[in-house]
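Worksheet: the structure to be examined is printed underneath.
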Amino acid sequence: MGTYGHELNLLSMVDAKKKPLPIEASRDLTTLASWVYSNVLTTPSLSSIYFREKPAYADEYDGNIVRVTPGYFTQLDATANEVFLSLIAQYSPTIEQSGLRILELGFGTGTLTGRLLKISSQFMALMKDQRSLIRPFVELDGWDSNSRMVQIATERLNAWLGSLKDTVPIQPNLMHVDFNAVPPEIRKRSAKYDLIVGSLFYHYWIDLGPDGAATSPDHLHEFRRFLERVRSYVKVGGDVIFLDVAYSPEGRGKEQGRWRKYVASELDSDDHAGQYFDNNQRQYYAPSTDVISAAAKAAGFHPSWHEALPGFPFRILHLKTEPEIPQGDER
């Protein structure tokens with residue numbers, strides 16, 4: 001199995017269509033790992049890794065993503081932690097009345113969604129000083145363009161939430177929505193969000209430069225339009241948090257080499273790794289952090305970066321918007 005196979009856990013792997021996992025054994029990591037290997041991970045299918053529109057892409061996603069993304073679940077945990085810190089920073093007593101709205105873009109099979117539900121519940125309990133919750137004041141919406149992903153995530157999260165006996169009092173609203181063509185009725189009823197989150201999502205809008213990676217924000221036409229659309233859905237003072245590929249300005253060669261070596265070991269040959277990267281150029285030739293930061297600033301954000309997995313090019317991009325200035329406080 002893969003180098004990071006031990007990181008698979010109940011939160012990301014409950015699936016109603018697979019052999020049921022005995023809940024009483026879910027805290028035994030050895031038993032859990034054995035169940036995951038037998039019932040969830042599949043032999044990698046290169047075509048299902050490459051092409052998101054293929055039906056097999058969704059059904060084989062969990063088994064394949066760990067083979068092309070080193071430390072996948074560690075990265076999701078780091079992203080969830082960044083979200084938790086953002087929720088803490090945004091909290092005010094009025095939020096319990098007005099509500100705090102989160103949108104996850106490209107939620108896939110629900111691996112990050114489960115973590116968002118968990119930390120949102122922890123956040124509410126913390127902010128209520130561990131008193132009984134009168135009602136959930138955090139709402140979680142999710143958009144994904146793959147209808148099979150929506151089905152898998154819904155089944156998985158329903159099974160997981162059912163096993164927790166109401167200890168997570170939030171029900172996610174997962175929708176089949178293409179971010180490139182959000183229906184008018186969704187746009188109309190979607191009030192702006194306090195927080196927008198996405199994992200391995202923004203690279204679908206990354207532009208390539210003349211010789212591979214874009215070396216200037218002027219090359220990132222499609223990506224800047226994407227960020228502007230994201231900006232239109234987030235409230236003034238809200239945050240956007242994305243996990244994806246972005247190289248350090250001076251470390252591209254080493255980070256790219258480590259990533260390729262990992263994928264070659266998981267797919268059993270450098271040729272297979274080469275095929276994967278040839279069909280995934282928007283990630284493999286992603287820009288460096290300084291170029292993406294410049295594009296984000298042009299779209300009206302204040303960017304900062306955090307490593308998701310040291311030594312590899314996977315990073316968390318935290319985009320802040322300007323807080324609203326109360327009347328009378330203008331300087």
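Values in this text are rule-based calculations from the coordinates and carry no lab data. Not measured: the values here are computed from a predicted model. Cβ placement follows ideal geometry from the backbone for every residue including glycine, while neighbour counts extend to all protein chains displayed.
With the cut-off at 26 Å, report for the range 47-320 the share of all Cα pairs above it, as a whole percent.
42 percent
Our estimate of slack between MET175 and GLU250, defined as 0.36 nm per intervening residue step minus the Cα-Cα distance, is 23.0 nm. Any of LYS118/LYS320; LYS118/LYS254; LYS118/LYS192 with alpha carbons more than 27 Å apart? Name them for me. Distance filter (> 27 Å) returns LYS118/LYS254.
3J(HN,Hα) couplings calculated from phi for the range 154-159 with the Karplus curve 6.51 cos²θ - 1.76 cosθ + 1.60 (θ = phi - 60°) are, in sequence order, 5, 4, 5, 5, 4, 5 Hz; Gly and Pro show x.
You can think of it this way: the chain between TRP305 and THR215 has 30.6 nm of extra reach, that is 0.36 nm per residue less the Cα-Cα gap. Amide H contacts of VAL234: TYR193, each under 5 Å away and 5 or more positions distant or on a separate chain (H built 1.01 Å from N in the peptide plane; Pro and chain starts excluded).
Residues whose amide H comes within less than 5 Å of that of ILE196, counting only those at least five positions distant or on another chain, are LEU103, ASP239, VAL240, ILE241 (H built at 1.01 Å from N in the peptide plane). For VAL182 and GLU222, a Förster radius of 22 Å and the Cβ-Cβ distance give a FRET efficiency of 0.85, rounded to the nearest 0.05. Packing, as the average of other Cβ atoms within 10 Å across residues, places the peptides 106-115, 145-154, 69-78, 296-305 in the order 106-115, 69-78, 145-154, 296-305, highest first. Counting only DSSP beta bridges with both residues in the range 130-280, the antiparallel share comes to about 15 percent. Across the range 211-225, computed HN-Hα scalar couplings (Karplus, 6.51 cos²θ - 1.76 cosθ + 1.60, θ = phi - 60°) run 10, x, 6, 5, 10, 8, x, 5, 7, 9, 5, 5, 5, 5, 5 Hz from first to last residue, x flagging Gly and Pro.
Applying both filters, DSSP loop and at most 14 other Cβ atoms within 10 Å, to the GluC sites (Glu not before Pro) of the range 237-331 gives GLU250, GLU324, GLU330.
Taken one residue at a time, the phi angles of the range 82-87 give Karplus couplings (6.51, -1.76, 1.60, θ = phi - 60°) of 5, 4, 4, 5, 5, 4 Hz. Gly and Pro are set to x.
Taking the number of Cβ atoms within 10 Å of each Cβ as an exposure proxy, the fewest-first ranking of SER293, SER248 is SER248, SER293.
Give the shape of the range 139-284 as rounded, prolate or oblate, defined through the alpha-carbon gyration tensor: a ≥ b ≥ c are the square roots of its eigenvalues, a/c under 1.5 means rounded, and otherwise the shape is prolate if a/b is larger than b/c and oblate if not.
oblate
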